[in-house]
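Take a look at the structure below.
Please treat every number below as a calculation from the coordinates, not as lab data. Bear in mind that the values here come from a model prediction, so they are computed numbers and not experimental data. FYI the Cβ positions are ideal-geometry reconstructions off the backbone, even for glycines, and counts take in every protein chain you see.
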Amino acid sequence: MILILAGGGGHTATAKIIAEELRGETELYFLAPRDDPLTPQLKQYGAVETLTRPRHPTTPTWRFTLRMLKALYEALRKVPREVEVTVSTGGNFCIPPALTSWIRGIPLVNIENRVRLIAPSKTAKLLQSFSTLTALQWEEQTRFLRGVVFGPLLPRPRYKPWNGGYILITGGTYGYRELLDAASESGLEEVILQTGRIDPKPYREKHPQWRVFRYSSNFEELIAGARVVVSPPGATPMEAAAYKKPIVIVNYPRWAKAAKPRDVELFAEKLNAPLLWRPNPEGLLKAIEEAERRGGTRLKSGSEALAKAILNLAIKN
């Protein structure tokens, strides 16, 4: 049995990529945040249990401390002893069950964040000392972590890419109001808009011709048909890269703890994507035009190689 820790949002997207590669090879078991909208999507791959997520972007330190202790207590009860390998996809959620696994002698695979290019994420740095394998996605990450470079973790495309003529604009798990508002004022006619935790109703009312929703269980199909994908840095641009779609990266200041401006800049370069520092209608239109001019990017995925490494650890254990 392999335990995959799905850290929520983009980290859960990574968990799905690994699960897709491991499906049919071994029994999969997931621990995921009970408050994350992507958690139910993991049930197609294996059994799912939920834990408390210690911190959201705006959680105060005192509450984070209490929730971390609660999560550790829950992890001690929910990490099965028969697990052969535990995989951490990143985020503070993964720390309690990852440490529980280490205490029980279970090999730990520690995946660094796709957007970290100049300094390590706190979770990957902390767990490196307890990990059998730290999996890196870019050569640049060898400057600050000891690990093996597998390459960017891309999903296996499940759909044939096509051009549906629409611009796919995503606000991510929490939503990005400034980006949504810029899109709303841009004059774009064919748009699919994902709002996350922000109420989609005002955008639906203003743009009845748009498709507007909070979350989708089959977001990948929408990416496959997009003319251009517009997104904050994270999982969605990597999914778009798997389909070789033109991409616009929009800086997300609220995410400053997860990635510095230079991280975002380098990430955009990796994906051959124009970077919009501040979302505004004029800038958004120019960035979309530039993305179409550049075209998509071609990246060699490291997902299959990492899955094989995880299976090899399970065999040795």
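Do me a favour and compute the ellipsoid semi-axes for region 166-294 from its Cα gyration tensor, root of five times each eigenvalue, largest one first, whole Å.
20, 16, 15
With a cut-off of 8 Å between alpha carbons and a minimum separation of six or more residues, what is the relative contact order of the chain in percent?
RCO, the chain: 16 percent.
Would you kindly work out the equivalent ellipsoid of the chain from its C-alpha gyration tensor and give its semi-axes, the square roots of five times the eigenvalues, largest first in whole Å?
Taking √(5λ) for each Cα gyration eigenvalue gives 33, 20, 18 Å.
Could you work out how far apart the two model spin labels at Asn218 and Val149 are, taking each label as a point 7 Å from the Cα in the direction of the beta carbon, and quote it in nm?
Here the answer is 3.8 nm between the modelled labels.
Net charge within 15 Å of Gln128 by Cβ-Cβ distance, Lys/Arg positive one each and Asp/Glu negative one each, not counting Gln128 itself?
Local charge sum for Gln128: +4.
Using only Cα atoms, locate the centre of region 271-292 and the centre of region 88-164, then give the distance between them in Å, rounded to an integer.
About 29 Å separates the Cα centre of region 271-292 from the one of region 88-164.
Hey, which of these cross-link pairs are over 21 Å Cα-Cα: Lys70/Lys316; Lys160/Lys300; Lys160/Lys244; Lys16/Lys308; Lys122/Lys260?
Result: Lys70/Lys316 exceed 21 Å.
For Leu311, what is the net charge nearby, where nearby means another residue's Cβ is under 15 Å from its Cβ and Lys, Arg count +1, Asp, Glu -1?
That sum, taken over residues with Cβ under 15 Å, equals -3.
Sorting check: for 42-50, 235-243, which peptide has the highest mean count of neighbouring beta carbons within 10 Å, and how do the rest follow?
Ranking the peptides 42-50, 235-243 by packing returns 235-243, 42-50.
Can you list the lysines whose alpha carbon is less than 18 Å from that of Lys286, not counting same-chain residues fewer than 8 positions off?
Lys245
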